[in-house]
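The values are calculated or read from the model by the stated rules, or taken from the named source; none is laboratory data. Quick caveat, the model's predicted, so the values are computed rather than measured. Cβ: placed from backbone, ideal geometry, glycine included. Neighbour counts: every protein chain shown. Ligands, DNA and RNA are excluded from the accessible area calculation, which covers all protein heavy atoms including side chains. Shrake-Rupley method; radii C 1.70, N 1.55, O 1.52, S 1.80 Å.
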Amino acid sequence: MVNLEDLGFAKGIIFETIVSTYSSQGSPNIAAMGVLQLDSENIMIRIYKSSKTYNNLVSRRCAIINLSSDAALFYKSAIKDSYVRDEISLDLFKKGDLVDAPELKRADATIEVLLSDIKDLDSERAEVYLKTKLIKIRNYFPRVYTRAFSAIIESVILATRIRLLSVGNESQKKKASKMKEKIKEFEEIVKRTAPNSEYDNIMFDLINKIETWLGN
Ligand SMILES: Cc1cc2nc3c(=O)[nH]c(=O)nc-3n(C[C@H](O)[C@H](O)[C@H](O)COP(=O)(O)O)c2cc1C
């Protein structure tokens, strides 16, 4: 029986995943989320209560945690109106074996989880506690690492913040512009390590989006 540690999870470390849920109407949703392992069976996500994922978790009380090293999938699951190689369509999903949530057919591994508890952190965020029910490995091949992947992930995280700050007051907008400068550094890494690639396309699209949000 595969366990969380076999997948590389370790207590106290946040791992980046893609969480898939069904809405109350039954449409599949994906969102990039950081997952913290608590013990051999339990994990926790700190999640914005305004997110669809939070609302779907509250209504369906389950989810599937998808492990992937597909940068485009992370991009699309964080910035929903973004460019990706192919659109997120219904045939990317199949229903989980044990829980009422969609799994991503192209994930490297999936973890089916049930909601065990929710604790409010503040007015905006909550801690969502999840219990592992089933782990499935879909891809037995190791994946080679490129710095471009990490550069994209860091940039997308910054972009989700920039988007929020860009509709705020002047000091928040200034903060957003500073974050954009940081993304420019990640862009350099992508240009150097993965020129003319999918990573390059994502970065190009992301920076265009940010310029639009900031009104440049
Ligand atoms: C790598 C990565 C990790 C993220 N982790 C979290 C997280 O732990 N909690 C959260 O609320 N949002 C997180 N986000 C932002 C959400 O993915 C983003 O707000 C998304 O649009 C939420 O989608 P939803 O409204 O469909 O749930 C993360 C984004 C990225 C790129």
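Observations
- For region 147-213, accessible area per residue (1.4 Å probe, heavy atoms of protein chains only), Å²: 57 Å²
- Sparse-neighbour loop sites [trypsin sites (Lys or Arg not before Pro); region 89-168; at most 15 other C-beta within 10 Å; DSSP]: Lys105, Arg106, Arg138, Arg143
- When the chain is treated as a GNM with alpha-carbon contacts under 10 Å, the residue of Ala107, Ala78, Ala126 showing the greatest mean-square fluctuation is Ala126.
- The aspartates and glutamates whose alpha-carbon is closer than 17 Å to the alpha-carbon of Lys173, local same-chain residues fewer than 8 away aside, are Glu181, Glu211.
- Heavy-atom surface of region 4-137, accessible at 1.4 Å and reported per residue (Å²): 44 Å²
- Length released on extending from Ser150 to Ser171, taking residue separation times 0.36 nm less the Cα-Cα span: 4.7 nm
- Proximal lysines to Lys80, defined as alpha-carbon separation beneath 21 angstrom and excluding residues fewer than eight positions away on the same chain: Lys49, Lys52, Lys94, Lys105, Lys180, Lys209
- Formal net charge of residues neighbouring Val128 (Cβ-Cβ distance under 9 Å; K, R +1; D, E -1): 0
- Loop GluC sites (Glu not before Pro), region 18-104 (other Cβ atoms within 10 Å of the site Cβ: 13 or fewer; DSSP): Glu87
- Helix-derived mean residue ellipticity, 222 nm - over the chain, DSSP H n ≥ 4, -39500 (n - 2.57), to 500: -11500 deg cm²/dmol
- For Lys11 and Ile157, a Förster radius of 30 Å and the Cβ-Cβ distance give a FRET efficiency of 0.85, rounded to the nearest 0.05.
- Whole-percent carbon and sulfur share, accessible surface of the chain, 1.4 Å: 52 percent
- Gain on full stretching of the segment that runs from Asn216 to Leu121 - 0.36 nm per residue minus C-alpha separation: 30.7 nm
- Of the GluC sites (Glu not before Pro) found in region 106-182, the ones in coil according to DSSP and having at most 11 other Cβ atoms within 10 Å of their Cβ are Glu124.
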